[in-house]
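The values are calculated or read from the model by the stated rules, or taken from the named source; none is laboratory data. Everything quoted here is computed from the prediction, not taken from an experiment. Glycine also receives a Cβ, built like all others from the backbone with ideal geometry; neighbour counts cover every protein chain displayed. Protein only, heavy atoms only, side chains kept; ligands, DNA and RNA dropped before computing areas. Shrake-Rupley method; radii C 1.70, N 1.55, O 1.52, S 1.80 Å.
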Amino acid sequence: MDCDTAKSKLFPYVDGELATELRDQVEAHLARCGACRRLVDFEVAFRETYVDRLRPDPAPERVREQVATLLPDLVHGQRAGRTQRWLKRLALGVGAALLVAIGLSAGVALQSHLGTRTTLAELTDAAVEQHQKLVRDLLPPDIKDVSPKAAEEWFRKRLAFNVSLPDLKTEGLRLLGGRISHLREVEVAALEYQVDGNNVSLFIIPEEAYRQLRLKDKPRFKVVSHRGYDVVIWRSQGAGYTLVSEIGDRACLVCHAPHEKLEPLPRPSAHL
Ligand SMILES: [Zn+2]
């Protein structure tokens, strides 16, 4: 088995969903491939620390109840005769359409359950990659040398979610610029800062994309070490935040003045 095949079986492997023969093949590969073993370790460590167990989505059940109350209303609330028969057919049609919609949304929910397994690792990886490009000027900023307020205004006109930027509270902290970027398929606001001469990138992602990561509420700040970079992930004011740097929790000066009391950051508990 090669690395590509092994990686494609990684998540079902971690979930214990592989048939014995395939599982043995994956384990034989892991025994001689450190890179794939690290991926498995990362996934396991991350799930234990930060990712909620999958829960059934309550939405479809709510919709089902609505259909149950809607149908009798439509059918019995009318007088007898041709109109009623017509309404009955209409009601059944509406009911059928709603049930199809429920099926679709349940399918979408299931898809997102399955699809989000990789998202946290992917988001971390994409954020680090973008940070490297921003630092090397491979991604030109859309805006440059502006105040946080002006940058907020600029993003608000162009993004569908709330971008709220911290004030510059610390000397030695500069907002270099910002751009609209993508982390995998998610449109994000990307901000580039310098803290005492060190580059720090801040990515603001829509709350919906953050929610789909299914992260636990605690610890509030999720800390990951990835390819030599320190990544901090959290949620605030209707958006998700991802901070990438090489200076550990000193990067938090982007949002917090030095005298502010921060809850202590957890040690990086996952490495990729
Ligand atoms: Zn491998």
TODO: State which residue is most open to solvent (accessible area, probe 1.4 Å) when the search covers only region 238-249 and only residues that are at pLDDT 85 or above and farther than 17 Å from Q132 by Cα.
DONE: G238
Task: Within region 209-228, tally of residues that are of a type outside the set (S, T, N, Q) and either open to solvent by less than 30 Å² (accessible area, probe 1.4 Å) or touching a Cys at 6+ places or on another chain (Cβ under 9 Å) (or both) - done: 9
TODO: Restricting attention to region 132-150, report how many residues are assigned to a loop (DSSP other than H, G, I, E, B) and hydrophobic (A, V, I, L, M, F, W, C).
DONE: 3
Open item on the list: Every residue in region 1-41 that is outside any helix (DSSP H, G or I), open to solvent by less than 40 Å² (accessible area, probe 1.4 Å) and in contact (Cβ under 8 Å) with a residue 12 or more places away in the chain, please.
Closed with: C33
Task: Test result for R37, among the basic types (K, R), modelled with pLDDT of 55 or more, within 16 Å of the ligand (Cβ to nearest atom) and more than 28 Å from V223 (Cα to Cα) - done: no
TODO: Take region 14-34 and flag every residue that is of a type in the set (D, E, K, R) and away from the ligand (no atom under 15 Å from the Cβ).
DONE: D15, E17, E21, R23, D24
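Considering E171, E129, E153, which residue is assigned to a loop (DSSP other than H, G, I, E, B) and either open to solvent by 50 Å² or more (accessible area, probe 1.4 Å) or under 27 Å from R47 (Cα atoms) (or both)?
Testing whether each residue is assigned to a loop (DSSP other than H, G, I, E, B) and either open to solvent by 50 Å² or more (accessible area, probe 1.4 Å) or under 27 Å from R47 (Cα atoms) (or both) leaves just E171.
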Task: Checking L99 against (1) modelled with pLDDT of 55 or more; (2) open to solvent by 70 Å² or more (accessible area, probe 1.4 Å), the condition it does not meet - done: (1)
Open item on the list: Regarding region 202-209, can at least one residue be identified that is part of a helix (DSSP H, G or I) and more than 21 Å from E43 (Cβ to Cβ)?
Closed with: yes
Open item on the list: For region 42-56, give me the residue count where each residue is within 15 Å of the ligand (Cβ to nearest atom) and either outside any helix (DSSP H, G or I) or of a type in the set (S, T, Y) (or both).
Closed with: 0
